[in-house]
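So the structure is just underneath, and the comments pick up after that.
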2 protein chains.
Amino acid sequence: MKATLSFLLTLSLCWQSNRTSAQTTTTISSPDKAVVLSVSNTPAGQVAYRVTYKGKKVIEPSTLGFALSKPQVSLTRFTIAAIDSATIDETWKPVWGEASQIRNHCKELRVTLADQSGSGIQMQVRFRVFNDGVGFRYEFPTQPNLSHFVVADELTQFRLSADHRTFWMPGDYDSNEYLYNTTKLSEVAALAAIRKEKDIALQSVIGDNAIQTPLLFKTTDGLYISLYEAAVLNYPIMHLQLDKKTLRLQAQLTPDAVGNKAYLQTPSKTPWRTIIVSDKATDIVGSKLILNLNEPSTIADPSWIKPQKFMGVWWEMHIGKGNWAKALGKHAANTQNVKKYIDFSAKNGFDGLLVEGWNEGWEDWFGNWKEEVFDFVTPYSDYNIDSLTAYAQKKGIKLIMHHETSGSVTNYERRMDAAFQYMVDKGINTVKTGYVGRIIPRGEHHDSQWMVNHYQRVAERAAKYKLMVDSHESAHPTGLHRTYPNWMASEAARGSEFNNAPTLGITPEHTTILPFTRMLGGPMDFTPGLFRFQLNQFDSSRTQRVRTTLAKQLALYITLYSPLQMVADLPENYEKHMDAFQFIRDVPVDWDDSQVLAAEPGDYLMIARKTKGKDSWFVGAITDENSRTLPLSLDFLEPGKTYEATIYRDADNADWHENPEAYTIEKKRVTSKTKLNLRLANGGGFAIQLTQL
Amino acid sequence: MKATLSFLLTLSLCWQSNRTSAQTTTTISSPDKAVVLSVSNTPAGQVAYRVTYKGKKVIEPSTLGFALSKPQVSLTRFTIAAIDSATIDETWKPVWGEASQIRNHCKELRVTLADQSGSGIQMQVRFRVFNDGVGFRYEFPTQPNLSHFVVADELTQFRLSADHRTFWMPGDYDSNEYLYNTTKLSEVAALAAIRKEKDIALQSVIGDNAIQTPLLFKTTDGLYISLYEAAVLNYPIMHLQLDKKTLRLQAQLTPDAVGNKAYLQTPSKTPWRTIIVSDKATDIVGSKLILNLNEPSTIADPSWIKPQKFMGVWWEMHIGKGNWAKALGKHAANTQNVKKYIDFSAKNGFDGLLVEGWNEGWEDWFGNWKEEVFDFVTPYSDYNIDSLTAYAQKKGIKLIMHHETSGSVTNYERRMDAAFQYMVDKGINTVKTGYVGRIIPRGEHHDSQWMVNHYQRVAERAAKYKLMVDSHESAHPTGLHRTYPNWMASEAARGSEFNNAPTLGITPEHTTILPFTRMLGGPMDFTPGLFRFQLNQFDSSRTQRVRTTLAKQLALYITLYSPLQMVADLPENYEKHMDAFQFIRDVPVDWDDSQVLAAEPGDYLMIARKTKGKDSWFVGAITDENSRTLPLSLDFLEPGKTYEATIYRDADNADWHENPEAYTIEKKRVTSKTKLNLRLANGGGFAIQLTQL
């Protein structure tokens, strides 16, 4: 209690000393002065922030505030009680990642706001201004007039300066697996976008003007602007409500079963609201702003956390060769079949093998909001987990566990410890979790505070058992892999499995948008590596197909970063292209450095990455439905050294639609002075391995 | 699948053969012919049941049915597809109880109903007709047109024949801790009843005409009728909606967070709806109908389940001597204080000692819908659980664990295994659970299906660890102690702690109504044995008081049956009346036989019980606010034997209000021919121990 009082005394003093300047505007710039943030307090008490980049408008004056339902108070009129500022400049090393070290360099402004309505509540808004954008969050310190409180609405606004070209997904509290739509901001039409997505089994409509973050704008004056959030813990996922007349977006937090948004207790803080901005598209893809806004790792000894390449008994069920459910016949997760995968994975030097459909329950798992489905510890009778674990160990492969919860999270939580202990007992140290279906507790959403807490709980609990986590159908990632480096990847977007979805599939542009949006939050288990493009291999009636070339599938291992990279296709499909498969055998999953060489959202992307601890580089480039040539300067290589480049590119006659399997593999000697001009077919790409000689 | 088809074939054949009689009424009588049930199918397709007792109307024709929300269908018009009947006559032995064996003797009628609306759904209604009433439930067998389904409403009706005198509590999805109101049925006014109960912290109002089961009627033609339910598993608790014009009650199931009532999957069955009826009030109190409708014990070896008398570090916190929360000071659950209780309990031959406030979290546990409160394994620093366990063991006492969940059931479920293992590690084998506060998952209620499943899960999980359970603030019991005999007692009604509630407290009549209502479902941890009646012992400002005499407190050990009986008051209060305390030392908690000798709801009750395995008897008698003399014939004693009767009765000048501590202890030689005429003071009672000489 003593600490609280002295803290409030300080605030009170600050308030006094700043009183005369309460109506003024406070401005702070990024270290390089490109980004300017200003915070103003209107005579009516509103507090608004504004962001510019090199003098261009990014966010027009936009107000901040909250509506609480307990205590019932609207926090929208404030007196500025104190303003503090600081500079942060530190460099930190992630456990794994796209780079071996990351600089966190920003200016911080902390504005203490006192509610004018008589509630006695104070809160702080902490802004951090980086060279590539702004992050800000609300903080509710310990104080006499606020302890437990319930958030009815967060009133944060983002007002855009013009009707920008916008890459958006419709707001949906339960799914982030949409294609991105590209329209003017004023042309957002969420309901139509939802209706056309017939392959998303569970849709929770918010409204015609509701859209998701991450959200990307391209302005006519050459700026790229991303709106997203960082470090979402103990708080719901933020969607956005658009007012088309004013081009103003307002936070739309995901509600719980009774309509509340968040249950908080002082001291507490919201996630960061992030605005990443640049006049170079490559800067957006390369931004570390969201990672820098997350807290450092909570795992003291991360030596057991290992990036991995893995295969899976998985895609064959999608394309109709096998089934998850044993009772349906053709049960894929049978001992003999899994041994074949182990053999192939071992022969090719991979680390792990995911096995789905290993456990009882798949006969009746989906669509009925059923609570007791899987127990996570009972293998099907034809799946001899002990013999497979032993066999895998002998071959140097680790099985990867699959925990499909079917959305019944209460069931998973009460069985989680037993399930994790079972993994430990079986020598398994990575789990793919899944949340397909309506959430139980009924009325909660994939994006609500309760589920956000669940994902965190899984990460923390898994760490106690030294388990790595790859979550599917979880909420969009917000950089938490910094804090919980064992939560290595998530799906949380439309991944490669949608190649098999009958309606919209995956468009050629989709993978050129993800790095500007979803992937700003963290690694994605996209599951690249498909080598067969017509998906009628086991069912001739299927018309679904993969809309890339084979070379683009290789490039995705570079352009879509993940420390868990799947090798998604069937052994028999790889065996037809073992020369191209060599790239997947060779490509690393951990990096010392990454450089985004060329990028345009919805069009193309080219990234170079340096292998962790080695002087070898890999380059990946992808394009959308248009063929193009991307000039590539190898000036990132060490000067004076010679490298062998192995180039896996689209053959000259390649075309995702007509001729996807046409690729060319070339070897060349190159140096840092070499410049290449490689053509990408429509829906194509290339991948290069550069090994120092 | 084969089984299903042959089953349906049988149904189909039955339907054909019964077709011509579909419009007729089918009648079945109890073994003694007193209770008559008839089921009729109206020309419009409604199916109604009717109950009479010795020719008097009990339930007037009342319809049956369901509204499902998935599939969306109203099951209200039926063809009777088959009618089967059977006789059940069996005798079974409970693990513990009011009698060492129980006869289950009834006639059964199973009516198979085919929906007329075109859904193709069939269901069965299984009626059982006992000498003291009727039970019926719905069953949904495996069938081609129904698998998973969601109950929107159960449409079961109970139409009364006249405006009976009614003992009722207001409908409330989260509390059953009301006083009973006694009015004509047409005078039910639930909202007013809720408003006057200012000491119930969480009230979930249903409506002005909503009332709870158990419900009791007394008719002007001399019948006592109880409406209740049995074997509530995987289904919500049933409340009732009253239509005052028609005196018709309709099932009002407790909804979940999204308004659904139950998620079921064929084959499934509802709880039994029970109508207990007699012209003798004693038959209602003594009815075994609800127990007989529950399934046999699931515990193969129940040797570890032991009825117990226990003291508690508990009442002293209620009356202000100590606190649960350590930070508030006067922390009751400190090692030294608990040792004193162990000493006193051991000296007096009790089995257990409950310790509340032993674990961290009480500083901030209530009222904020907070999820992370207790972890159930972290004692306060002044509570040395290991030394206390050792000390208790040396003295022959077992500590009883307290798990207050604060309503945060998700938190409890994810920690339950660790908490139970902790108990095992500490040599503790009984847990008092508590559910004070709004339920998490938010939007669920204490009475909703999800919570009903939780209570069952606790019972089952506890059995795996060989733990006995005493649940507080749980849903009303429905005879499940037969199936889960380790779930020994629950509160689930207004218990003795309400003596300390400032507004209404516990009226003298309350304990004369409980045996006709709440206790039909199972043992209650009422916590009798208060020896001090003014509750200003540690806080002179308190005006609350206990509204009984001391002798009545003794009688409650007989009239309120429980295999877990608390000895609720403080050692220092008992030490002033060690002669009366001798009764509590002597009274057993397990019985070979029980006979209800006299009873009138709201007025008085007298019960005799025979000690398990011994030829000794105990008699308890209580009265309401009126003094009275109850003639007592000891003809239940073995003829020809002599017994010593130790009579603990109100002194002639006793009076709950003026002179509650005035009691007289007398010893007498008696035989089965002895007749006593003992006076009970207003708010008084007596207790007799009869030991064969």
List, please: which pairs have Cβ atoms under 6 Å, are six or more places apart or on different chains, and start with a residue in segment B:83-97 that is at pLDDT below 95 and end with one that is open to solvent by 50 Å² or more (accessible area, probe 1.4 Å)?
none
Do we have B:Phe374 as open to solvent by less than 10 Å² (accessible area, probe 1.4 Å) and under 30 Å from the mean Cα position of the chain (by Cα) here?
yes
Taking segment A:421-452 and keeping residues in contact (Cβ under 8 Å) with a residue 12 or more places away in the chain and more than 19 Å from A:Ser204 (Cβ to Cβ) leaves A:Gln421, A:Tyr422, A:Met423, A:Val424, A:Lys426, A:Gly427, A:Ile428, A:Asn429, A:Thr430, A:Val431, A:Lys432, A:Thr433
Just to confirm my filter: which strands (runs of 3 or more DSSP E) fall fully inside segment A:570-630 and include at least 1 residues that are aliphatic (A, V, I, L, M) and under 16 Å from A:Gly349 (Cβ atoms)?
none
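Yes/no per residue for (1) of a type in the set (Phe, Trp, Tyr); (2) free of Cβ contacts under 8 Å to residues at least 60 places away in the same chain:
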position: B:Tyr228; (1), (2): yes, no
position: B:Ala231; (1), (2): no, no
position: B:Ala251; (1), (2): no, no
position: B:Gly259; (1), (2): no, yes
position: B:Gln265; (1), (2): no, no
position: B:Thr270; (1), (2): no, no
position: B:Arg273; (1), (2): no, no
position: B:Glu295; (1), (2): no, no
Filter segment A:439-461 down to the residues that are buried (at least 23 other Cβ atoms within 10 Å of the Cβ) and of a type in the set (D, E, K, R), then identify the one that is farthest from the other protein chains (Cβ to nearest Cβ).
A:Asp447
For A:Ser226, which of the numbered conditions (1) part of a strand (DSSP E or B); (2) open to solvent by 30 Å² or more (accessible area, probe 1.4 Å); (3) hydroxyl-bearing (Ser, Thr, Tyr) fails to hold?
(2)
In segment A:619-627, is there at least one residue being open to solvent by 40 Å² or more (accessible area, probe 1.4 Å), touching a strand residue (DSSP E or B) at 6+ places or on another chain (Cβ under 9 Å) and not polar (S, T, N, Q)?
no
Identify all residues within segment A:249-282 that are within 11 Å of chain B (Cβ to nearest Cβ) and either hydroxyl-bearing (Ser, Thr, Tyr) or not in a loop (DSSP other than H, G, I, E, B) (or both); write none if there are none.
A:Tyr263, A:Leu264, A:Gln265
Got at least one residue in segment B:306-316 being of a type in the set (S, T, N, Q), open to solvent by less than 30 Å² (accessible area, probe 1.4 Å) and more than 29 Å from B:Val51 (Cα to Cα)?
yes
Where in segment A:69-122 are there strands (runs of 3 or more DSSP E), lying fully within it, with 2 or more residues that are open to solvent by less than 40 Å² (accessible area, probe 1.4 Å) and touching a Ser or Thr at 6+ places or on another chain (Cβ under 7 Å)?
A:78-92, A:102-115
When you go through (1) away from chain A (no Cβ under 14 Å); (2) open to solvent by less than 30 Å² (accessible area, probe 1.4 Å) one by one for B:Lys245, which number turns out not to apply?
(2)
Taking A:Asn234, is it in a loop (DSSP other than H, G, I, E, B), open to solvent by 50 Å² or more (accessible area, probe 1.4 Å) and within 14 Å of another protein chain (Cβ to nearest Cβ)?
yes
On the phi > 0 side of the Ramachandran plot, in the same structural domain as B:Ser471 (by TED's automatic domain parsing) and open to solvent by 30 Å² or more (accessible area, probe 1.4 Å): which single residue out of B:Gly361, B:Gly396 fits that description?
B:Gly396
Looking for something part of a strand (DSSP E or B), open to solvent by 10 Å² or more (accessible area, probe 1.4 Å) and either among the small types (Gly, Ala, Ser) or within 14 Å of chain B (Cβ to nearest Cβ) (or both) - is there at least one such residue anywhere in segment A:464-477?
no
For A:Glu491, are the conditions met, namely being open to solvent by less than 10 Å² (accessible area, probe 1.4 Å) and charged (D, E, K, R)?
yes
In segment B:326-435, which helices (runs of 4 or more DSSP H) lie fully inside it and hold 1 or more residues that are within 28 Å of A:Asn260 (Cα to Cα) and within 14 Å of chain A (Cβ to nearest Cβ)?
B:409-425
Hey, among the residues in segment A:186-223 that are polar (S, T, N, Q) and farther than 22 Å from A:Asp163 by Cβ, which one's most open to solvent (accessible area, probe 1.4 Å)?
A:Gln203
Has segment B:330-339 got at least one residue that is surrounded by fewer than 16 Cβ atoms within 10 Å (Cβ to Cβ) and either more than 21 Å from B:Ile428 (Cα to Cα) or touching a Pro at 6+ places or on another chain (Cβ under 7 Å) (or both)?
yes
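The values are calculated or read from the model by the stated rules, or taken from the named source; none is laboratory data. The structure presented is a predicted model; accordingly, all values stated were derived computationally and were not measured. Virtual Cβ from ideal backbone geometry, glycine too; neighbours counted across all protein chains shown. Accessible surface is based on the protein model in full, side chains and every heavy atom, while ligands, DNA and RNA are left aside. Shrake-Rupley method; radii C 1.70, N 1.55, O 1.52, S 1.80 Å.
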